[in-house]
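Please treat every number below as a calculation from the coordinates, not as lab data. These numbers were taken from a predicted model, which means no experiment stands behind them. Positions of Cβ are backbone-derived with ideal geometry, glycine not excepted, and every protein chain shown enters the neighbour counts.
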Amino acid sequence: MPTFTFKAMDAQGQEIEDVIEAQTQDEAQATIRQMGYFVTKISAQKAEKSGSAATANQRRKTFAVAGAGGKTIVRFTRQLSILQDAGLPILRSLKILEGQQKPGALKNSLIDVCDEIEGGSTLSEALGKSPKTFDRLYVNMIKAGEAGGSLEVILQRLAEFKERTQSLKNKIVGAMIYPVMVVLFTVMILTFIMLFIIPEFKKMFEEFEMKLPVITELLIELSNKIAKYWFMIPLIPTCGILFILLVRKFKAGRFGFDLAILKVPVLGKLTEKSNLARTQRTLGALVASGVPILESIAITRETSGNSVYEKLFLKVSDSIREGETIARPLRIFSKTNYHPVAHFFWIATGALPPLAILLIKPELVQIAVYGSLALGVLTGMLYLLWFKTPCVEELVINMVDVGEETGELDVMLYKVADYYEEEVNVLTEGMIKLIEPLLIIFLGLTILFIVAALFLPLVSMISGLAGGGD
């Protein structure tokens, strides 16, 4: 029979710590209350496994570098929901799914979860001991389902939530694959032209001792720099990414960068709407599952993935503790204040590209400096115009307000999430349609520049030869 360790208070207010045997945790609590004690904490005591069983389980585990992927968790949750709906005991369901899993993080976690349940732990307690695979949201929804006796319903809701969240993520990632691949192939082709084609034309021009147009000299100089510093092509973006990661290690840096991204046209709106869709669906799922509102907001804050929304939900949580509703602090704190780090990223975005001229032709230092100052001031002024834009639209606040008044907060949150998921779909399709012509224009201008730079001296050379022949 499972053994439970508990702490309780007696009639005199003295704390008592002891163990009790019972079939379930609810039965253990009932027995303790019959003894005249008030339970403050209770947990299942893990049964000792035999050495051979423990060794066998350890041998079944495999080395896993990362945690379980999102798609794997989605599939597992849906399968567990189906098995529970069919009426199978939870331990048997988990063992069936563990046997079906490929070697990896999820299989290792399920082996541990089965061991914990066999030792007397509840499903939520067992899942909570594998935080790299099952996050806090997952564990708390399962815990709410156990407390309300509706684990099958909660698993179905959790499976639907995971599927919708993964679908949204896949759409955004899928939309970015096309432009990223086009840019990568473009860079590779242009690098090949600069390293192998342009030098051949350079030799030919030198043999004829021609006076080259400025545009041709610029192209040849660019080719020379790329041939000499080719390793900088991957190094520059890598250093930029490392710099951003370093800045994000600090609280102010992470908040400033996330805020700067939210204010970028098109990309900022996509980030905002996808974040609102995810957070509102998360909060709705937790509220519908019976998780206390403060705990629900805390979990939503942790899973938002953006420090601007993390700060917003923290303010909402503090206001609720003081007796406020959710809608009022959402309206008050959704407007962001000026942040120097966000301003720096906007200025740097405009100021850095013109300085690249110095890498090609250092003599053009005045053009590079003036261009950098002009674009840096322009992007800095744009940030000052847009930094007060709210990060939560009035629609969300009004829907939450109505949900609180009618007692259907979870329903309203789901409606908001559905609306913003559709908005993300529309915005993603629009962004792809916008990126395609921009890439075509960029490629066209690049090809025009190269063709003009190479053919202008060729035309002059042909004209000179024709004139000499006459």
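Within the range 204-312, report the GluC sites (Glu not before Pro) that DSSP leaves as loop and that have at most 15 other Cβ atoms within 10 Å. Kindly include the intermediate steps, with their values, before the conclusion.
Values: sites: 206, 207, 209, 217, 221, 272, 295, 302, 310; in loops: 209.
Passing both the DSSP loop test and the Cβ count: 209.
Tell me the Kirkwood radius of the range 323-470: reciprocal of the mean inverse pair distance over distinct alpha-carbon atoms, in Å.
On the way: mean 1/r = 0.0475 Å⁻¹.
For the range 323-470, the Kirkwood estimate is 21.1 Å.
Of the listed values (1) -0.81; (2) -0.88; (3) -0.70, grab the one calculated as log10 I(q)/I(0) by the Debye sum over Cα atoms at q = 0.08 Å⁻¹ from the structure here.
(3)
Using only Cα atoms, what is the ratio of the radius of gyration of the range 64-134 to 2.2 N^0.38 Å? Each step should come with its number before you reach the end.
Working: Rg = 11.3 Å, N = 71, 2.2 N^0.38 = 11.1 Å.
Normalised Rg, Cα atoms only: 1.02.
Among 230, 346, rank each residue by its count of other Cβ atoms within 10 Å, from fewest to most, as a rough exposure measure. Please report the intermediate quantities before stating the final value.
Numbers: 230 13, 346 25.
So the residues, fewest neighbours to most, are 230, 346.
Residue 235 versus residue 171, label points 7 Å from Cα toward the beta carbon: distance in nm?
That separation, rounded to one decimal, is 4.2 nm.
Note down the net charge around residue 303, summing +1 for each Lys or Arg and -1 for each Asp or Glu among other residues with Cβ under 9 Å from its Cβ. List each step's numbers first, then the result.
Working: positive: 136, 278, 301; negative: 135, 302.
Taking every other residue near residue 303 into account, the sum is +1.
Name the residue farthest towards the positive end of the dipole of the chain from the options 275, 25, 395, assuming +1 on Cβ of Lys and Arg, -1 on Cβ of Asp and Glu, about the Cα centre.
275
Say a paramagnetic label sat at a point 7 Å from the Cα of residue 378, along Cα to Cβ; which residues of the range 214-249 have their backbone N under 19 Å from it?
From the range 214-249, the list is empty.
Among 144, 121, 96, which residue has its Cα furthest toward the positive end of the charge dipole of the range 84-147, with +1 on Lys/Arg Cβ and -1 on Asp/Glu Cβ?
It is 96.
For residue 361, go through the lysines and keep the ones whose alpha-carbon is under 26 Å away, minus same-chain ones fewer than eight residues off.
Straight-distance partners of residue 361: 202, 203, 211, 225, 228.
Would you mind classifying the range 74-113 by shape? Square roots of the alpha carbon gyration tensor eigenvalues, ordered a ≥ b ≥ c; an a/c under 1.5 is rounded, otherwise it is prolate if a/b is larger than b/c and oblate if not. Can you show the working numbers first?
Values: a/c = 2.42, a/b = 1.61, b/c = 1.51.
Taking the square roots of the gyration eigenvalues as a ≥ b ≥ c, the range 74-113 is prolate.
When the Cα centres of the range 159-212 and the range 336-372 are compared, how far apart do they sit, in Å?
23
Length gain on complete extension for the stretch residue 364 to residue 318, per 0.36 nm per residue less the alpha carbon to alpha carbon distance? Could you put the intermediate results ahead of the total?
Details: separation 46, 0.36 × 46 = 16.56 nm, distance 5.51 nm.
Using 0.36 nm per residue and subtracting the Cα-Cα distance, I get 11.0 nm.
Would you calculate the separation in nanometres between label points at residue 118 and residue 267, each defined as 7 Å from the Cα along the Cα-to-beta-carbon direction?
Distance between label points: 5.1 nm.
Take the Cβ-Cβ distance between residue 328 and residue 452 as r, set R0 to 60 Å, and report the resulting FRET efficiency rounded to the nearest 0.05. Numbers along the way, then the final one.
Values: r = 61 Å, r/R0 = 1.02.
E(calc), rounded to 0.05, equals 0.45.
When the helices in the chain are scored as -39500 (n - 2.57) per DSSP H run of 4 or longer and the sum is shared across all residues, what 222 nm value do you end up with, to the nearest 500 deg cm²/dmol?
Values: 21 runs with 348 residues, N = 470.
When only DSSP H runs of four or more count, the value is -24500 deg cm²/dmol.
Distance between the C-alpha centers of the range 429-443 and the range 89-148? Whole Å please.
Their Cα centres are 45 Å away from one another.
To the nearest 10 degrees, how steeply does helix 151-192 sit against the main Cα axis of the chain, on a 0 to 90 scale?
Its long axis makes an angle of about 10 degrees.
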